[in-house]
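To keep things clear, I will list the structure first and then write my remarks on it.
The values are calculated or read from the model by the stated rules, or taken from the named source; none is laboratory data. Quick caveat, the model's predicted, so the values are computed rather than measured. Please note: Cβ atoms are built from the backbone with ideal geometry, for glycine as well, and neighbour counts cover all protein chains shown. Ligands, DNA and RNA are excluded from the accessible area calculation, which covers all protein heavy atoms including side chains. Shrake-Rupley method; radii C 1.70, N 1.55, O 1.52, S 1.80 Å.
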Amino acid sequence: DAGITQSPRHKVTETGTPVTLRCHQTENHRYMYWYRQDPGHGLRLIHYSYGVKDTDKGEVSDGYSVSRSKTEDFLLTLESATSSQTSVYFCAISPGQGPDGYTFGSGTRLTVV
Amino acid sequence: LAKTTQPISMDSYEGQEVNITCSHNNIATNDYITWYQQFPSQGPRFIIQGYKTKVTNEVASLFIPADRKSSTLSLPRVSLSDTAVYYCLVGEVGDYKLSFGAGTTVTVRA
């Protein structure tokens with residue numbers, strides 16, 4: 001979607017290696033989110049940020065860390081990737097004004113082998 | 001945030017109307033009902049939001065009864081391109097952390 005980009009779009013990595021996914025926005029939105037999507041589970045919130053250097057955990061945060069050093073960038077790091085972290089990862093942004101304001105990126109398909 | 005319940009999947013044929021009902025028994029006074037649509041290999045996108053009665057836009061209609069404990073998303077005359085996952089969310093202005101759940105997978109067949 002316009003204003004939000006995720007990189008990389010696809011990645012294959014080996015178990016035990018660190019992986020960082022990047023989300024970049026040009027909308028100057030305060031809130032940024034990382035979700036993972038798995039069959040049968042829908043979208044589950046991993047971590048979110050409510051400002052530069054301000055982050056908090058979502059419902060499935062174990063094994064993940066995040067950082068936000070600039071308004072426009074939100075990084076998701078898998079410290080030591082496991083096969084259970086094979087998933088599609090979506091970044092989203094929101095101005096924080098209500099449920100209708102979410103804009104999602106196109107997703108990153110991560111495979112851990 | 002109020003919990004929502006919606007069917008896991010629905011099948012339809014081109015040209016038919018599809019109605020997806022979402023239950024939200026614990027909806028609060030300030031909550032709005034919001035629907036997102038997710039096409040395969042894409043992130044979800046906002047399609048419609050309402051508070052009460054009926055809302056219509058170019059994509060869908062949203063019907064909300066007086067007690068607001070449920071809502072129905074109506075997709076008129078669907079086409080193959082309406083095949084997607086539809087998410088029902090309940091929250092108020094100012095909510096910044098939403099739960100999307102599993103949604104309803106709508107499959108439209110020729």
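Per residue of A:40-47, what is the mean number of Cβ atoms on other protein chains within 10 angstrom of that residue's Cβ?
Counting Cβ atoms of other protein chains within 10 Å of each residue's Cβ and averaging gives 4.
Measuring from centroid to centroid over Cα atoms, what is the spacing of segment B:68-110 and segment A:10-87 in Å?
24
Using a 1.4 Å probe, how large is the accessible area of A:S65, given in Å² and rounded to the nearest 10?
A:S65 exposes around 40 Å² with every protein chain in place.
Using a 1.4 Å probe and ignoring any ligands, DNA or RNA, find the accessible area of B:V18 and quote it in Å² to the nearest 10.
Surface open to solvent at B:V18 totals about 10 Å².
If you line up the Cα atoms of segment B:3-72 on their principal axes, what length do they span on each, largest first, in Å?
Computed over the Cα atoms, the extents are 35, 25, 23 Å.
Relative contact order for chain A: what is it in percent, counting Cα pairs under 8 Å that are at least 6 residues apart?
Worked out over chain A, it gives 36 percent.
Can you pull the percent of chain A's accessible area that's carbon plus sulfur, 1.4 Å probe, other chains left in place?
46
Of the beta bridges DSSP finds with both residues in the protein assembly as shown, what % are antiparallel, to the nearest 5?
The answer is about 90 percent antiparallel.
In percent, how large is the relative contact order of chain B, given Cα pairs closer than 8 Å and 6 or more residues apart?
36
State, in square angstrom and to the nearest 100, the accessible area buried between chains A and B, both chains counted, probe radius 1.4 Å.
1700
Find me the longest stretch of chain B that has none of the exposed trypsin sites (Lys or Arg not before Pro), where exposed means in a DSSP loop (not H, G, I, E or B) with at most 15 other Cβ atoms within 10 Å.
B:4-51
On a straight-distance basis, which lysines could pair with B:K52 in a cross-link, Cα separation under 23 angstrom, same-chain partners fewer than 8 positions away excluded?
The qualifying lysines are B:K3, B:K69, B:K97.
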